[in-house]
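Contents: one structure, followed by commentary.
The values are calculated or read from the model by the stated rules, or taken from the named source; none is laboratory data. For clarity, every value in this text was computed on a predicted model and none was experimentally measured. When the accessible area is computed, the model is the full protein with side chains, heavy atoms only, and any ligands, DNA or RNA have been set aside. Shrake-Rupley method; radii C 1.70, N 1.55, O 1.52, S 1.80 Å.
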Amino acid sequence: MTSTPAPRLEEVTPGNFEAAVGINVRPDQEHAVSPVVQSLAEAYVRPAGVAWPRLIVDGDGESARPVGFLMAFLDIDWNDDGTLFRSGLWRLNIAADEQGKGYGRFAVEAVAAELRRRGTERLYVTWHPGPTGPEGFYLGLGFRKTGEMSGDQTVGVLYLT
């Protein structure tokens, strides 16, 4: 009996860059999440160590395929005044034809594991409210609304302890 490989995260490299920027969400979600290429550009212009971009890959060998992209933020200055630092999930793009297969849950769990490894106790995320937004997804994973807004986005937190 063979086992199915679990999804995994890969660093974005010159070898998988095209696969990463080829990840496209459903058209009705495009207003709610930036394209991968924009996320990678934002990661590049941030101080080293702030952005943690990863390609989500499923399968092994020749059957391996990119199914999504995530980018975490690590210890950002939340208020831009040196008083509050947070870490969390910055971007989550699951390919349109790969949604509903557990890759989003895997991505959140992978970021949570990385933050726990770094000693972080809370994972933050923001989302656009509305009927096509991911609020139900995040609340279903245990995130709680903080009551804050970040621009026009709802702020949620998942306690990791």
Once the Cα atoms of helix 36-45 and of the chain are each reduced to a long axis, what angle between those two axes, in degrees from 0 to 90 to the nearest 10, is obtained?
50 degrees
Could you tell me the relative contact order of region 18-161? Use alpha-carbon pairs under 8 Å, at least six residues apart, and round to a whole percent.
19 percent
Counting only the heavy atoms of the protein chains, how much of residue 8 is accessible to a 1.4 Å probe, in Å² to the nearest 10?
80 Å²
To test your reading of the geometry: what angle, between 0 and 90 degrees and rounded to tens, separates the Cα axis of helix 103-117 from the longest principal axis of the chain?
60 degrees
